[in-house]
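Below: the structure, in C-alpha cells.
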Amino acid sequence: MTGLAYCDAKARIYYDESVTPLADGGIVRESTLDELIPAPDGTVSMILPGRRPLSTIGPAGNRYALGTILPAGYTRLLVPAFVKDRGAPDLPLFGYTFACVVGDRLHVAAAKTDESEDWQPRSFGPGELESTIAARLAVDSDSRVLRQVALCSAEYGCFTAQNVFLERGEAALPVSPKCNARCIGCISQLEPPATLPSPQTRIAYESTADELARIGIHHLQRVEDGIVSFGQGCEGEPLLRSPVIAAAIEKIRAARVNGTINLNTNGSITRALDRCIDAGLQAVRISLNSFRPATYAAYYRPLGYALDDVLESIRLAVRRGLRTSLNLLTHPGVTDDEEELTATEAFLREVPIAMVQTRTLNIDPGWYFDAVGRSRNPLGMRHAIATIRRLTTIGNFTHTH
C-alpha cells in the first residue's frame, strides 16, 4: 500500500501512510506498485509551491505537493498530481517525478534505463573541481570555449563540461549561439510567455573551428576511447554552424584517429548534417519529443523546418552508417499515448536506430499539458518503454558501441 509523501510550508518532508496519494499519468489515478522503486541515490526532493497533493480523499488543504528529481540513468513514469492555489508560481525547469511512501521508505515512479560510471553523481573535495579547472585555464587562457565549459562545469554541474577538465568520457564542444526552434522548455533561452529566467546562460559568441579543434584534440590525446560532442545545453542549434563544425572535425581527425566525434542536434537541416558526415562525423543524437507533427510543433515551435525534416535527417544518418541515437524527451500522458506509440513504433520499424535515449523532459507539467494536450488513452510509461525496447536499445547516455 502506498502512502502520501508531502511537504509543509518550510519544505520539510513528511509521510502519512493513512492517505493514498494520486499520481498524474495523463489521467489522475493511483500508482501501481510495479511503477515504483525505492528512491535511488542522487534523488532530490523538493516542494512544489502553491500546489496541494491529490489523494483518494481529495486535496490536502494544509500540505504542499512533493516532487522528486531523478539521477541520470532513470526515466520518470508518473508526475505528481495536485491542485494549484490561485496565484501559484510556474515551476522551474526540472523533471518532476511522483513520489510516495511504501513501508516507511520514499519511493519514486521510475525505471532504471541505463548505467555509466561517467554519469554517476559526483562528489568533489573542497576546491577540487575549481583547482582542476584553474590549472587547465592557466595553460589555455585565451580559449573562449574553455571558459564557457568552465562556467558550465562549476555553475551548472554539467557532466560533459566537467569531462573536459577531468579528461574522461564525453566532452562538450559548444558552438552555436543561435537556434531555429523556440522550445517552451528551453534551458538556455526561454521566450514569452515564459515567466521564469532560463536556468543556464547561452554562449554569446560563435566558436571558431580552431578553438573547437584545440579542445577536441586535447581530449582525444588523453582519453583513448573518448567522445567529443558538438551541441550542448548552453547553446542553440549546432547545424546552423555546420561549415565550422565540419572544419573542426577535419582538424581533429588530421591530428587524432581515436575516439568518437558526436553531434547533438534537433536534426532540422538535413543538408547541413550531410556536410558534417562528409567531414568525418561518426555519431549523432537527434532530439524530439514526438513522432506526431502537431505534438512536435507545439513544443519545439520550429522556425523554417518541420518534423518531416527531422525524420529525414535520422534516415540520412542511418543510411550513411552513423551510430544514430534519438534523444526522446519523455513525459507521462504524452509519450505513452496510444496514438503516439503507434507513430513511434511505425518509425522505429522503418529506421534501424542504434538507441533511443529516454530523457525526462524538464518542464512544469502544467506548461507541457497546456501546450501539447493530454492523452486520450495513456497506456503507461512502462508500456511505452517496453514497446521501444522491443524495437531497439533503450538508454540514457551516448555510447561508443
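Listed values, structure above:
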| item | result |
| --- | --- |
| Residues located in the stretch 190-215, provided they are crowded, with 18+ Cβ neighbours inside 10 Å and more than 24 Å from residue 228 (Cβ to Cβ) | 190 |
| Scope the stretch 342-371; condition over 30 Å from residue 65 (Cα atoms) and among the hydrophobic types (A, V, I, L, M, F, W, C); matching residues | 343, 346, 347, 348, 351, 353, 354, 355, 356 |
| Out of 86, 136, 168, sole residue that is assigned to a loop (DSSP other than H, G, I, E, B), at pLDDT 90 or above and not assigned by TED's automatic domain parsing to the domain that holds residue 30 | 168 |
| Search result, residues across the stretch 227-280 that are part of a loop (DSSP other than H, G, I, E, B) and in contact with a strand residue (DSSP E or B) (Cβ under 6 Å, 6 or more places away or on another chain) | 231, 232, 266, 267 |
| Positions within the stretch 330-364 being hydroxyl-bearing (Ser, Thr, Tyr) and within 15 Å of the chain's Cα centre (by Cα), in sequence order | 330, 335, 358, 360 |
| Verdict on residue 26 being touching a strand residue (DSSP E or B) at 6+ places or on another chain (Cβ under 6 Å), assigned to a loop (DSSP other than H, G, I, E, B) and in contact (Cβ under 8 Å) with a residue 40 or more places away in the chain | yes |
| Options 341, 326; residue that is assigned by TED's automatic domain parsing to the domain that holds residue 194, under 18 Å from residue 378 (Cβ atoms) and buried (at least 17 other Cβ atoms within 10 Å of the Cβ) | 341 |
| Every residue from the stretch 218-230 that is buried (at least 19 other Cβ atoms within 10 Å of the Cβ) and closer than 20 Å to residue 277 by Cα | 220, 226, 227, 228, 229, 230 |
| Criterion: modelled with pLDDT of 90 or more, surrounded by fewer than 14 Cβ atoms within 10 Å (Cβ to Cβ) and of a type in the set (Gly, Ala, Ser) - qualifying residue of 157, 103, 95 | 103 |
| Number of positions in the stretch 313-338 that are part of a helix (DSSP H, G or I) and touching a helix residue (DSSP H, G or I) at 6+ places or on another chain (Cβ under 9 Å) | 5 |
| Cβ pairs under 9 Å, 6+ apart, first in the stretch 289-311 and touching a residue at least 60 places away in the same chain (Cβ under 8 Å) and surrounded by 23 or more Cβ atoms within 10 Å (Cβ to Cβ), second basic (Lys, Arg) and not in a loop (DSSP other than H, G, I, E, B) | none |
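The rows are residues; the columns are (1) assigned by TED's automatic domain parsing to the domain that holds residue 83; (2) touching a Leu at 6+ places or on another chain (Cβ under 7 Å); (3) modelled with pLDDT under 95.
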| residue | (1), (2), (3) |
| --- | --- |
| 312 | no, no, no |
| 317 | no, yes, no |
| 320 | no, no, no |
| 333 | no, no, no |
| 367 | no, no, yes |
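The values are calculated or read from the model by the stated rules, or taken from the named source; none is laboratory data. Just so you know, these numbers come straight off a predicted model, no measurement behind them. Using ideal geometry, Cβ is built from the backbone for each residue, glycine included, and neighbour counts are taken over all protein chains shown.
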